[in-house]
Each structure stands twice: as C-alpha cells, then as structure tokens.
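This report concerns only the one structure given below.
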Amino acid sequence: MRAAITGLGTAVPAQLLTNADLEARVETSDSWIVERTGIRERHIAKPDETTASLAVEAGTAAIKHAGIPPDAVDLLIVATATPEQPIPHTGAFVGEGLGLRCGSFDLQAGCAGFVYMLVVGSSMLTAGHLQHVLLIGSETLSRVIDPADRATCILFGDAAAAIVLSRSDDDGPGVLGWDLGCDGSAASLLEVRAGGSRRPATPETIAAGDQYLKMQGQEVFRRAVRAVVESAFATLEHAGVGAADVSWFVPHQANIRIIESAASRIGVAPQRTIVNIDRYGNTSAASIPLALAEAEEDGRLKPGDLVLMSGFGAGMTWGSALVEWGSL
Ligand code: ACO
C-alpha cells in the first residue's frame, strides 16, 4: 500500500508586501533583495487572518479538490512554526473550522515541517487503518518578524497550503522514499528566544525583542545547501532511483541561491526545478505544498512524474521525500 497525493489547496493573504514597500521601511534596495534572495514580493496576513484561518481555507480547498466529504478525513496534521496560540494545538482550531472530529496534532520542524508531515502522515496511513489524511502547512511568520530587522523582514511571507493523502495500491502513485534529520547543535542559528519554557514572555523579553525571529543567515545558508543535497541523495537511494529519474525538484523556497546551488549539485536541471519564491518569499511549512499546487494547477505535474521535495529549517532540521505523482 502507498500514500498518494489526491488533493491540493492553498490560502494566500491578499495583502502584498513588495520590495519597494521594504525600501521605504528599512535600509535596503530592490536590487539587493532580488540578487541575494530572488524575492520580489510576499503576502502578509491582516490582523483577522491567522495560522488557523489560513489553514482552514487551504484545507477546505484540498478536501474539495480530492472530491471527498470532510468526514472522510481520518487524521489531520498541521505543520507550523507559528501556532495559533501556545495551548491548545493549532489543529484543534483547524479541525473545528473544517467540522472534523478525527485525531489531530501539530508538527513543528521549521521549514522542513511539510516533508516531516508527509512522512508521518504517509506512514500512519500505510500502517493500515486510514483512508485519507489531511496535511496542512500554515504560517503567519509576519507575526514573529521584527519589522525593523532588514536581515529577516525581507525574507518571510504568510500562506497556507494543504494536501490530501489517500491510500493507493502498492504499485500506484505515492511516497517512494524519504530521509529526515536534525542537528540540534545548530538550534541557535534560527530561533525565537522568548515565549517558551526556557524564557517565558515578560516585559523584559519584550523590551529585548526576544519575541522576534533571530537568524544567522550566512551560516544557515551554508548548512542548508549541504543538508538539502545530502538528504536528497539519501532519499533517491532509499527509493532506488537516480537524479536523472527525477521529473521535478520542489525545494523549500528560502533563497533562490540555495535552490540553484542545491539543484545543480543534485543534478536536476533548472527547468525541472519548481520556483515561486519571487512571489511569496519564504512561507516555511507552506512553501513546498504551495509550489506543488501551482505546478499541478498549471499542468506541469503529470501522472507518473517523480517529484523530489526537500526542506530545511530551524533546528536545524532537514527532510526530503520522493513521490510518484498520480492523476488528480
Ligand atoms: N538589504 C541590504 N543589505 C543587507 C540586507 C538587506 N536586506 N541584509 C543584510 N544586508 C547587508 C549586511 O549587513 C552585510 O553588510 P556588511 O557587508 O556591510 O556587513 C551585507 O549585506 C552582506 O550580508 P550577508 O548576511 O553576508 O548577506 P548574504 O549574502 O548571506 O544574504 C541572506 C543574506 C539573504 C539572509 C542569506 O544569508 C540567506 O538567505 N540565508 C539563508 C536564510 C534562510 O534560508 N532562512 C530560512 C531558514 S528556514 C526556517 O526554518 C524559517
């Protein structure tokens, strides 16, 4: 038995933040941002749009696309680094919004969250008890970005994207191989220091700006390329295929230079690499399913294609999965 992607849905806030908007806010330039990151604009949630509300919108669309009734969903996983609130988990709000009473939980693995969730969801489904699993990557990173920090405010955007995974035959479409990893010695490279058990939020943490994401960009960059490449090769080996067999490479959209460098080292041609970072920036756990949904919508993804997905993020986590695409 395999777990196949049978539905996709997205939710993107209407409000845009362009490089010109950022030029007016911090010391930066459109040319610097485009050259160093490939990003031209991102979407930013309005105050009434939240991680859960975007997730409900994306989940609703994915369920509809899969052509199943909502109550056919047997399990809901929400991958997010920007939860609705500390307690309860975001999946509680999302399940309520979707009218579900199945089990749900959140998965926190930074920008590798989607790949982690795909592996967990697929494994639970193929363990034999489930027919359909709903996986939603949803982020409102704008809520944890310091608007005055030019190193981070240019990078991140808000969005949600969802997939339905359904049971398929053992020679049908589905997840063929995967690799997951985390090097916690690099935890301080990308972190929000306050608001948890180690450093609860206080007036002092707020004054220090510790509710905001802090990042050591250059070191994240260096490790990201290595992690994506090694993880991609481990996944191809697990699935028993070579880089030449990959139809599409769908990397986490963090920086165009990371994407191009990783694709070239793996041996996937640029025209086989799916990129939409220019229009969304880094949407963390939503970025891979958002790119998948666009590529499915415009007809690039075809049944039988082998799709290699790779993500990396805070932790530092990384993960890759190879999926044979089905007929959606
Ligand atoms: N505009 C103009 N100049 C800037 C900006 C900006 N927005 N930001 C930094 N600079 C300056 C720096 O101050 C520095 O100036 P200096 O030389 O006078 O000191 C110079 O530009 C170069 O800075 P670097 O940090 O070396 O720039 P780099 O080429 O590394 O690009 C970037 C920075 C884009 C952040 C890059 O390092 C990167 O993308 N890293 C990976 C980040 C990432 O992927 N994070 C997400 C991980 S996933 C997750 O889990 C959330």
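Quick one: count up the residues across region 1-30 that are within 9 Å of the ligand (Cβ to nearest atom) and open to solvent by less than 10 Å² (accessible area, probe 1.4 Å).
Number satisfying all stated conditions: 1.
State the number of residues belonging to region 176-198 that are among the basic types (Lys, Arg) and more than 22 Å from residue 156 (Cβ to Cβ).
The qualifying residues number 1.
So how many residues does region 288-328 have that are within 16 Å of the ligand (Cβ to nearest atom), outside any strand (DSSP E or B), within 13 Å of residue 274 (Cα to Cα) and not β-branched (Val, Ile, Thr)?
The qualifying residues number 3.
For every residue, the table says whether it meets (1) assigned to a helix (DSSP H, G or I); (2) under 20 Å from the mean Cα position of the chain (by Cα); (3) within 14 Å of the ligand (Cβ to nearest atom).
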position: 224; (1), (2), (3): yes, yes, yes
position: 230; (1), (2), (3): yes, yes, no
position: 235; (1), (2), (3): yes, yes, no
position: 249; (1), (2), (3): no, yes, no
position: 253; (1), (2), (3): no, yes, yes
position: 260; (1), (2), (3): yes, yes, yes
position: 265; (1), (2), (3): yes, no, no
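Which one of these is touching a helix residue (DSSP H, G or I) at 6+ places or on another chain (Cβ under 9 Å), in contact (Cβ under 8 Å) with a residue 24 or more places away in the chain, within 16 Å of the ligand (Cβ to nearest atom) and part of a loop (DSSP other than H, G, I, E, B): 39, 33?
Result: 39 is the single residue among 39, 33 that is touching a helix residue (DSSP H, G or I) at 6+ places or on another chain (Cβ under 9 Å), in contact (Cβ under 8 Å) with a residue 24 or more places away in the chain, within 16 Å of the ligand (Cβ to nearest atom) and part of a loop (DSSP other than H, G, I, E, B).
Would you point out which residue out of 31, 104 is over 26 Å from residue 130 (Cβ atoms) and assigned by TED's automatic domain parsing to the domain that holds residue 143?
31
Run down 126, 152 and say which single residue is surrounded by fewer than 21 Cβ atoms within 10 Å (Cβ to Cβ) and at pLDDT below 95.
Selected residue: 126, the only one of 126, 152 that is surrounded by fewer than 21 Cβ atoms within 10 Å (Cβ to Cβ) and at pLDDT below 95.
Go through (1) assigned by TED's automatic domain parsing to the domain that holds residue 8; (2) aliphatic (A, V, I, L, M); (3) more than 17 Å from the chain's Cα centre (by Cα) and name the single condition residue 155 misses.
Against the list (1) assigned by TED's automatic domain parsing to the domain that holds residue 8; (2) aliphatic (A, V, I, L, M); (3) more than 17 Å from the chain's Cα centre (by Cα), residue 155 comes up short only on (3).
What pairs come up if the first residue lies in region 154-177 and is among the β-branched types (Val, Ile, Thr), the second is part of a loop (DSSP other than H, G, I, E, B) and buried (at least 24 other Cβ atoms within 10 Å of the Cβ), and their beta carbons are under 7 Å apart, counting only those six or more places apart or on different chains?
Note: pairs meeting the criteria are 154/39.
Please list, ordered by first then second residue, the pairs with beta carbon atoms under 6 Å, 6 or more apart or interchain, first in region 83-95 and outside the structural domain of residue 133 (by TED's automatic domain parsing), second of a type in the set (A, V, I, L, M, F, W, C) and in a loop (DSSP other than H, G, I, E, B).
Cβ pairs passing all conditions: none.
The values are calculated or read from the model by the stated rules, or taken from the named source; none is laboratory data. Computed from a predicted structure; not experimentally measured. Methodologically, a virtual Cβ is constructed for each residue, glycine included, from the backbone with ideal geometry; neighbour enumeration extends over all protein chains shown. Calculation scope for accessible area: heavy atoms of the full protein, side chains included, ligands and nucleic acids excluded. Shrake-Rupley method; radii C 1.70, N 1.55, O 1.52, S 1.80 Å.
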